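Data first, discussion second: the structure below is written as structure tokens.
The values are calculated or read from the model by the stated rules, or taken from the named source; none is laboratory data. Predicted, not measured: the structure shown is a model, and the values here were computed from it. With ideal geometry, Cβ positions are generated from the backbone for all residues, glycine too; neighbour counts draw on all protein chains shown.
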Amino acid sequence: KRLGNLIKGFFGLFVSGLEKQNPEALLEVERENLRKQIAQYNQGLAAHAGLCERLITQVRKLETEERELRAKTTAMLRANNRDAAGQLALRLQTIQRELGENRKQLEQAEKTYQELIRARDVAVKNAQSKIEALRFSLDDLKIKKATAELTQMASGMVTQIGGAGDTLERLQRMVEEEREVAAGKARVARDSLDTTGLHLKEAEQKALEEQALADFAASEGISLQASHPPEKTDEGGGKTMGPVSQ
């Protein structure tokens, strides 16, 4: 017996653990159980409703028989047929007694049927309210779990980001050092660049452009205005080139 109780205890703990891991499945099981209970209850209601219908049929039959016996008894009595009238009157009393009993049974059956329906509706609404409340609690539990997980993730990210500060500072120092080295190299290259030849080529190109423009103006008969004083070149012992005016 003790071993059996121990096994039952372990099994109960195992089942409880499964229920905690998957409460939605347990909720769905309860919903299915509620549907089955409602179906069974409705079967009982249907049987009770059948009883009410049988009583209604019996009452209607007795009412018809009562009217017929009343009419026959009246007719026999007016015809002065006392024996037949007496038999019919006795039968009428029996029918009236049965009719009264059936009416009482029908009234009680109808009352019981309505009470059963009301009890079913109240029980179903109560169960549905509990199920909906539990479903809302499960949804709220999911949201709170998700919020807690996100908060933990955010906390971990903040810790990781804060821990990466040394690495970022070291990387920034490396970048600044590389920038300084690159700037120094660029300055050395700029200082060592010989721009004399570039200036000479630029002046020569400008002189050629001015000469070509003067030749074009002369061929077209266009008068050119002096743009600027003639430039001196370092080549050819101080030769000058300037605009030609017509």
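Could you figure out which of (1) farther than 30 Å from residue 34 by Cβ; (2) hydrophobic (A, V, I, L, M, F, W, C); (3) assigned to a helix (DSSP H, G or I); (4) at pLDDT below 75 isn't true of residue 138?
Of (1) farther than 30 Å from residue 34 by Cβ; (2) hydrophobic (A, V, I, L, M, F, W, C); (3) assigned to a helix (DSSP H, G or I); (4) at pLDDT below 75, only one is false for residue 138: (1).
Which is surrounded by 13 or more Cβ atoms within 10 Å (Cβ to Cβ) and assigned to a helix (DSSP H, G or I), of 87, 128?
87
Quick one: how many residues across segment 23-62 are aliphatic (A, V, I, L, M) and over 21 Å from residue 118 (Cα atoms)?
Residues meeting the conditions: 8.
Being among the aliphatic types (A, V, I, L, M), assigned to a helix (DSSP H, G or I) and at pLDDT 90 or above is true for just one of 62, 77. Which residue is that?
Only one candidate qualifies: 62.
Looking at segment 223-237, can you tell me whether even one residue there is at pLDDT 75 or above and out of contact with any Gly (no Cβ under 6 Å at 6 or more places or on another chain)?
Yes, there is a match, as at least one residue in segment 223-237 is at pLDDT 75 or above and out of contact with any Gly (no Cβ under 6 Å at 6 or more places or on another chain).
Show the residue pairs meeting these rules: Cβ distance below 7 Å; 6+ apart or different chains; first residue within segment 128-145 and in contact (Cβ under 8 Å) with a residue 40 or more places away in the chain; second residue part of a helix (DSSP H, G or I).
From residues that are in contact (Cβ under 8 Å) with a residue 40 or more places away in the chain, the pairs are 131/27; 131/30; 131/31; 134/27; 135/27; 138/23; 138/24; 138/27.
List, please: which pairs have Cβ atoms under 7 Å, are six or more places apart or on different chains, and start with a residue in segment 34-59 that is surrounded by 11 or more Cβ atoms within 10 Å (Cβ to Cβ) and end with one that is of a type in the set (Asp, Glu) and part of a helix (DSSP H, G or I)?
From segment 34-59, the pairs are 52/110.
Quick check on my filter: what residues within segment 31-64 are in contact with a helix residue (DSSP H, G or I) (Cβ under 7 Å, 6 or more places away or on another chain), farther than 17 Å from residue 99 by Cβ and not aromatic (Phe, Trp, Tyr)?
If the condition is that a residue be in contact with a helix residue (DSSP H, G or I) (Cβ under 7 Å, 6 or more places away or on another chain), farther than 17 Å from residue 99 by Cβ and not aromatic (Phe, Trp, Tyr), then 31, 34, 38, 45, 48, 49, 51 are the ones that fit.
Among the residues that make up segment 151-161, is at least one of them exposed (fewer than 10 other Cβ atoms within 10 Å of the Cβ) and either outside any loop (DSSP other than H, G, I, E, B) or modelled with pLDDT under 75 (or both)?
Yes, segment 151-161 contains a residue that is exposed (fewer than 10 other Cβ atoms within 10 Å of the Cβ) and either outside any loop (DSSP other than H, G, I, E, B) or modelled with pLDDT under 75 (or both).
Among the residues in segment 102-117, are any among the basic types (Lys, Arg), under 51 Å from the mean Cα position of the chain (by Cα) and surrounded by 14 or more Cβ atoms within 10 Å (Cβ to Cβ)?
No, segment 102-117 has no match at all.
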